[in-house]
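**Student:** Structure provided below as structure tokens; questions to follow.
The values are calculated or read from the model by the stated rules, or taken from the named source; none is laboratory data. Everything numeric here is computed off the predicted structure, so don't read it as measured data. Cβ atoms come from the backbone with ideal geometry, glycine included; neighbour counts cover every protein chain shown. These accessible areas exclude ligands, DNA and RNA; they are computed on the full protein's heavy atoms, side chains included. Shrake-Rupley method; radii C 1.70, N 1.55, O 1.52, S 1.80 Å.
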Amino acid sequence: QVQLVESGGGLVQAGNSLRLSCAASGRTSSNLVMGWFRQAPGKEREFVASIGRSGGSTYYADSVKGRFTISRDTAENTMSLQMNSLKPEDTAVYYCAAALVAMAWRVGPFRPDYWGQGTQVTVSS
């Protein structure tokens, strides 16, 4: 089992930045892809970004490309999401997520096996 804990959410003004962090524990030595999802009020949970096990490959949803940056420190079992130029439509609960995948998996959207508890990000206009 993998446990994920997010932190770093808060209330910010549009145009500002925020950095989310996720700490992983448990079976972190497996072939584990990690990423972020978010769920805005009244909307379905959506994929935001993913990163490969080595941290060398990343993938972003079109809505956040150029503004968000995902990174990973495999030695520390942590992952971060740097969010710049935040918009009110970025307001959501952000979830750290992970999945055990085959070696042939290519970085992109994925179906999580594990979820964090979520952290609220609110962007005011």
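**Student:** Working only within region 55-68, note down all residues that are open to solvent by 10 Å² or more (accessible area, probe 1.4 Å) and more than 14 Å from GLY108 (Cα to Cα).
**Tutor:** Let us first name the residues in region 55-68 that are open to solvent by 10 Å² or more (accessible area, probe 1.4 Å), namely 55-63, 65-67.
Of everything in region 55-68, those that are open to solvent by 10 Å² or more (accessible area, probe 1.4 Å) and more than 14 Å from GLY108 (Cα to Cα) turn out to be SER63, GLY66, ARG67.
**Student:** In region 3-30, what residues are closer than 30 Å to ALA104 by Cβ, open to solvent by 60 Å² or more (accessible area, probe 1.4 Å) and outside any loop (DSSP other than H, G, I, E, B)? Spell out how you get there, then give the answer.
**Tutor:** The initial filter retains those residues of region 3-30 that are closer than 30 Å to ALA104 by Cβ, namely 3-6, 20-30.
Of the ones still in play, those that are also open to solvent by 60 Å² or more (accessible area, probe 1.4 Å) are 3, 5, 27, 29.
Answer for region 3-30, where residues must be closer than 30 Å to ALA104 by Cβ, open to solvent by 60 Å² or more (accessible area, probe 1.4 Å) and outside any loop (DSSP other than H, G, I, E, B): GLN3, VAL5.
**Student:** For VAL33, indicate whether it is open to solvent by 30 Å² or more (accessible area, probe 1.4 Å), in contact with a strand residue (DSSP E or B) (Cβ under 6 Å, 6 or more places away or on another chain) and in contact (Cβ under 8 Å) with a residue 24 or more places away in the chain.
**Tutor:** Judged against the criteria, VAL33 is not a match.
**Student:** Residues of region 44-54 being without any contact (Cβ under 8 Å) to a residue 40 or more places away in the chain, within 15 Å of TYR94 (Cβ to Cβ) and open to solvent by 40 Å² or more (accessible area, probe 1.4 Å), which ones?
**Tutor:** GLU44, GLU46
**Student:** If you don't mind, another one. Which of (1) in a loop (DSSP other than H, G, I, E, B); (2) closer than 24 Å to SER125 by Cβ is the odd one out, the single condition MET103 does not satisfy?
**Tutor:** Evaluating MET103 over (1) in a loop (DSSP other than H, G, I, E, B); (2) closer than 24 Å to SER125 by Cβ leaves (2) as the failure.
**Student:** Also, quick follow-up: Of all residues in region 85-100, which are assigned to a loop (DSSP other than H, G, I, E, B) and crowded, with 17+ Cβ neighbours inside 10 Å?
**Tutor:** Within region 85-100, LEU86, THR91 meet the criteria.
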